[in-house]
Every structure is written in structure tokens, then in C-alpha cells.
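**Q** Okay, here's the structure, questions in a sec.
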Amino acid sequence: MRPVRTAARSLLATIFVVQGWAAMRDPAKLAERARPVTDRLEPTIKALHPSLPTDAATLVRVNGAAQVAGGVLLATGHAARPAALLLAGSLVPTTLAGHAFWAEQDPQQRYMQRIQFMKNMGLVGGLLLAALDREGRPDLRWRAGHAAKALKKARRHLRDSSPTPLRRR
């Protein structure tokens, strides 16, 4: 299953690397469309730290850098689960800014933006699956339960095979 996971992660990551790189190289193309979202985020960003940039072009560039980094990490399988979460988080403002179909007046444009919006939501779903993928390894809950059962069995075996019975406290 490993080659399939590697291929799936690479295919999922490609759009983020390509589009993120484009956003980093020329943020002005996307900044005007992103401005309604970045303006709403400005108070939150200023609350985090007053010296953080809040202009649309810089935030588009930062989002693009996050997408490139997350895409490369996801494609290579290094920190794939956190990378998938980073990409899902970066896709939310991208989708809100770039595909606000509810604000379109032209029915054809509204239809096209709605398709793009749903495509991005599908990408978020794929990224959430990638973030939860443990590559067939059991999760912590299963391992803890399995270890507890093994300890209980070992204790029972020790008690049954011991020449002197173990005392309970």
C-alpha cells in the first residue's frame, strides 16, 4: 500500500506547490481578490503581534509559502500529517477569498465559482484523510489497550507459575 499512499500524497500536494509558488512569485495578482478576507483578519493578526504584516500582498505571499512548504512535506512523506493540516488550514482563506460564489451576480460566474469552491472543499476532505492516515499502524488507544492486556496476561502467567502465591495488597 505504500506506493499508493506515496502517489496519492504527491498528487494531492502538486496543486499546493504549483499554486503556492505562483502566489509567492506574484502576489499582486491575488491580493485584490484576497483583500476582503485579509481585511477581516487584520484585527486578529494585530492582536497576535502588532508588528506582523497585514497587507493583502504579504499575506498572500505567506499563504503561498505555507502551501509550498506543506506541499513539499506532504509529497515527500516527511511530517505528512502536520503538513496536511497546514494545507487544509491554508486552503480555508484561499477558498473564501478566491471562490466566493455567493457574491457573484452573473449566473455563469456563480456556477464556475461554486464548482471551484466545492473542489477546494474536496481537497480539504482529502487533506483531512491524509492528516488522519497512520499508514496501517495502530493508534495510541489500541496500543495502550493491547499493552494492558499483555501485562494482565503476563501477571496471570507469573502468578500461576510462581511456587509461592503473590499477595494482593
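**Q** If you scan region 20-44, which residues turn out to be buried (at least 18 other Cβ atoms within 10 Å of the Cβ) and under 16 Å from residue 71 (Cα atoms)?
**A** 20, 23
**Q** Hey, among the residues in region 131-166 that are in a loop (DSSP other than H, G, I, E, B) and among the acidic types (Asp, Glu), which one's farthest from the chain's Cα centre (by Cα)? Walk me through it before giving the result.
**A** First pass over region 131-166, keeping only residues in a loop (DSSP other than H, G, I, E, B): 133-139, 162-166.
Now narrow it down to the ones that are among the acidic types (Asp, Glu): 133, 135, 139.
Details: 133: 12, 135: 16, 139: 19 Å.
By that ranking, first place goes to 139.
**Q** For a quick check of your reading of the model, give me the residue pairs whose first member lies in region 64-90 and is under 14 Å from residue 14 (Cα atoms), whose second is crowded, with 17+ Cβ neighbours inside 10 Å and of a type in the set (Ser, Thr, Tyr), with beta-carbon atoms closer than 7 Å and at least 6 apart or on different chains.
**A** Sorted first by the residue in region 64-90, then by its partner, the pairs are 66/90; 67/90; 70/90.
**Q** Can you tell me which residue among 34, 66 is in a helix (DSSP H, G or I) and either modelled with pLDDT of 95 or more or in contact with a Lys or Arg (Cβ under 8 Å, 6 or more places away or on another chain) (or both)?
**A** Within the list 34, 66, the selection yields 66.
**Q** Report whether or not residue 53 is more than 22 Å from the chain's Cα centre (by Cα), in the same structural domain as residue 14 (by TED's automatic domain parsing), more than 17 Å from residue 17 (Cβ to Cβ) and not in a helix (DSSP H, G or I).
**A** Yes.
**Q** If you don't mind, another one. What residue, of 65, 47, is surrounded by fewer than 13 Cβ atoms within 10 Å (Cβ to Cβ) and either of a type in the set (A, V, I, L, M) or more than 24 Å from residue 135 (Cα to Cα) (or both)?
**A** Values: 65 fails: surrounded by fewer than 13 Cβ atoms within 10 Å (Cβ to Cβ).
Unique residue meeting the criteria: 47.
**Q** Looking only at residues that are without any contact (Cβ under 8 Å) to a residue 40 or more places away in the chain and surrounded by 15 or more Cβ atoms within 10 Å (Cβ to Cβ) in region 117-130, which one is farthest from the chain's Cα centre (by Cα)?
**A** Filtering region 117-130 for residues that are without any contact (Cβ under 8 Å) to a residue 40 or more places away in the chain and surrounded by 15 or more Cβ atoms within 10 Å (Cβ to Cβ), the one farthest from the chain's Cα centre (by Cα) comes out as 117.
**Q** Going by what's in this entry, would residue 103 be described as buried (at least 17 other Cβ atoms within 10 Å of the Cβ), of a type in the set (A, V, I, L, M) and at negative phi? Give the derivation first.
**A** Working: buried (at least 17 other Cβ atoms within 10 Å of the Cβ): no; of a type in the set (A, V, I, L, M): yes; at negative phi: yes.
Judged against the criteria, residue 103 is not a match.
The values are calculated or read from the model by the stated rules, or taken from the named source; none is laboratory data. These figures come from a predicted structure and were not determined experimentally. Methodologically, a virtual Cβ is constructed for each residue, glycine included, from the backbone with ideal geometry; neighbour enumeration extends over all protein chains shown.
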